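Engineer: First, the structure itself, so that you have it in front of you.
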Amino acid sequence: MKKFLVLLTGVGATFALLPMAWAAPGDGLAGTSHDFSGISNPATGLCTFCHTPHNAMSQELLWNHTETVTTFSWVDPATTGGTTYPSFDGDTYKGSTSKCLSCHDGSVAIGDIGWWNGGVPGAPILNSFVTGGYQVGAGGDMTGNHPVTMPFPLGGAANTYNGVTNGASSLISGWQADPEALGIRLFTDDGSGNITAGSTAGQTGIECTSCHDVHNGPNTQDVFFLLGMLGGNTTDYICVKCHDK
Ligand code: HEC
Ligand code: HEC
Ligand code: HEC
Ligand code: HEC
């Protein structure tokens, strides 16, 4: 099935229409809205828009997509449960949230990549932007979005992550003891801003990828790459995988 309809005009401009995704939750990347294969000639591969084997922009994740230079913060409110909302830079923060926002804040073209087919593309391979309800943190304002780059009160104790420590009222109750056992991904900040996958007592936090699997892998349970169910009231419902309410 041809996923992208690419029209070449006489002046060489390329228009690509992003079609409806056809992959089911958990079925892998192909056919999702993160499948950017077949855009250019020669055809880009499934990983090209995000990773490259050589000449990556950062060793971390072998990242191939131009990062946003925006600084992100929550304007209103400044705290939740006594925890101060963090801020983070799109191009220096090492958690994977900055990688998502390199496309999703809408400031960098979807196909603005660093390396492809033995060279630096002269222009974005796909020169359109994430828009509308799919934009997150436009202009750096994260207000209205669930916290990310934020400590998780693992073990009912204050954790420190991205320079922020859980406040007293966030510790009272209401958290799952082990979200990872429920399919949620947690991350560790070593205290110097180096972020790795998996939890560590006292140093655990959450990223966009705590709730979403960018690759639509086997732990994806529902639409929007969700690691839990979008609706319902069962223990698989995404919100109660961390919040024990
Ligand atoms: C739309 C962007 C995007 C595409 C396309 C993409 N990735 Fe990723 N990948 C990410 C992000 C963001 C992370 C870090 C978040 C995480 O760990 O889940 C990541 C993490 C990884 C990791 C390290 C963590 C892990 O899950 O093992 C590997 C390996 C990886 N990707 C391989 C691939 C391969 C191979 C492809 C193509 C078949 C691919 N990715 C396509 C964005 C992408
Ligand atoms: C290379 C650019 C790029 C990167 C990097 C990227 N996305 Fe996306 N993402 C897109 C585009 C384009 C869409 C489709 C937007 C639309 O339909 O308007 C999308 C759609 C989505 C959707 C909706 C999926 C659906 O089926 O409707 C989610 C959720 C999402 N992205 C989350 C993430 C997360 C989380 C990360 C980081 C781990 C990430 N994205 C990284 C470009 C990207
Ligand atoms: C606490 C869990 C959680 C975190 C963290 C999270 N999301 Fe989501 N996301 C969701 C849920 C749930 C939905 C479905 C919302 C709906 O449409 O009802 C969603 C939907 C989306 C969509 C589709 C558009 C929409 O609003 O429905 C995009 C794009 C997206 N998320 C990107 C991101 C990015 C980028 C990050 C990190 C900055 C992120 N998400 C962090 C839970 C989360
Ligand atoms: C990956 C774990 C995780 C998931 C899943 C999750 N949350 Fe959270 N949530 C957190 C953390 C961590 C905080 C901030 C803790 C703190 O204040 O120290 C938080 C804070 C909140 C807050 C307080 C915000 C404020 O500003 O006062 C609300 C409300 C909330 N979450 C709702 C939700 C909803 C609704 C969902 C489902 C869409 C959800 N959460 C899914 C981890 C999660």
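The values are calculated or read from the model by the stated rules, or taken from the named source; none is laboratory data. Since the model is a prediction, treat every value here as computed from it, not as a measurement. Positions of Cβ are generated from backbone atoms using ideal geometry, with glycine treated the same way; all protein chains shown enter the neighbour counts. Please note that ligands, DNA and RNA were not included when accessible areas were found on the heavy atoms of the full protein model with its side chains. Shrake-Rupley method; radii C 1.70, N 1.55, O 1.52, S 1.80 Å.
Engineer: Would you work out the relative contact order for the chain, in percent, from Cα pairs under 8 angstrom that are 6 or more residues apart?
Structural biologist: Details: 511 pairs, mean separation 41.8, N = 245.
For the chain, the relative contact order is 17 percent.
Engineer: Sticking with this one: Sort 229-237, 154-162, 93-101, 45-53 for me by packing, meaning the mean count of neighbouring Cβ atoms within 10 Å per residue, highest on top.
Structural biologist: Most protected by this proxy first, the peptides run 93-101, 154-162, 45-53, 229-237.
Engineer: Binning every alpha carbon pair distance of the chain at 5 Å from zero, what are the percents per bin?
Structural biologist: For the chain, the binned pair fractions read 1, 6, 12, 16, 18, 17, 12, 8, 5, 3, 1, 0, 0 percent.
Engineer: Taking Lys99 as the anchor, which aspartates and glutamates have their alpha carbon closer than 14 Å to its alpha carbon, excluding any fewer than eight residues away along the same chain?
Structural biologist: Hits, sequence-local ones excluded: Glu60, Glu67, Asp89, Asp91, Asp112, Glu207, Asp213.
Engineer: Would you mind getting the accessible area per residue of the chain, heavy atoms of the protein chains only, 1.4 Å probe, in Å²?
Structural biologist: On the way: 12440 Å² over 245 residues.
For the chain, the per-residue accessible area is 51 Å².
Engineer: What percent do you get for the relative contact order of region 86-175 when only Cα pairs under 8 Å and 6+ apart count?
Structural biologist: Numbers: 110 pairs, mean separation 20.7, N = 90.
Here the relative contact order equals 23 percent.
Engineer: Still on this structure, please answer the following. So for region 156-245, averaging the separation of alpha carbon pairs under 8 Å that are six or more residues apart and normalising by length, what relative contact order in percent results? Working shown, then result.
Structural biologist: Details: 148 pairs, mean separation 23.5, N = 90.
That works out to 26 percent.
Engineer: Follow-up question, since we're still on this one. With both bridge residues required to lie in the chain, what share of the DSSP beta bridges run antiparallel, to the nearest 5%? Show your work: numbers first, answer last.
Structural biologist: Values: 25 of 27 bridges.
Counting DSSP beta bridges with both partners in the chain, the antiparallel share is about 95 percent.
Engineer: Given that compact globular proteins tend to follow 2.2 N^0.38 Å, what is the ratio of the alpha-carbon Rg of region 162-245 to that value? Kindly include the intermediate steps, with their values, before the conclusion.
Structural biologist: Numbers: Rg = 13.4 Å, N = 84, 2.2 N^0.38 = 11.8 Å.
Cα-based Rg divided by the globular estimate yields 1.13.
Engineer: Percent of accessible area on the chain owned by carbon and sulfur, 1.4 Å probe?
Structural biologist: Details: 7280 of 12440 Å².
Taking all protein chains in place, the chain shows 59 percent carbon and sulfur surface.
Engineer: Hey, another quick one. How large is ³J(HN,Hα) for each residue in region 129-145, as worked out from phi by the Karplus curve 6.51 cos²θ - 1.76 cosθ + 1.60 (θ = phi - 60°), to whole Hz, x for Gly and Pro?
Structural biologist: Running phi through 6.51 cos²θ - 1.76 cosθ + 1.60 with θ = phi - 60° gives 10, 5, 10, x, x, 8, 7, 10, x, 4, x, x, 8, 8, 3, x, 10 Hz.
Engineer: From the mean inverse distance of alpha carbon pairs (Kirkwood) and the Cα radius of gyration, derive Rg over Rh for region 125-192. Kindly include the intermediate steps, with their values, before the conclusion.
Structural biologist: Numbers: Rg = 15.8 Å, Rh = 14.7 Å.
Dividing the radius of gyration by the Kirkwood radius yields 1.08.
Engineer: Quick query: amide H of Thr80 versus all other amide H atoms, modeled in the peptide plane; which residues come in under 5 Å with a sequence gap of 5 or more or a different chain?
Structural biologist: So Thr80 has HN proximity to Tyr85.
Engineer: I would also like to ask the following. By how many nm would the segment from Asp27 to Asp91 grow when fully extended, if each residue of separation counts as 0.36 nm and the alpha-carbon distance is taken off?
Structural biologist: Values: separation 64, 0.36 × 64 = 23.04 nm, distance 3.07 nm.
Taking Asp27 through Asp91 to full extension adds about 20.0 nm, to one decimal.
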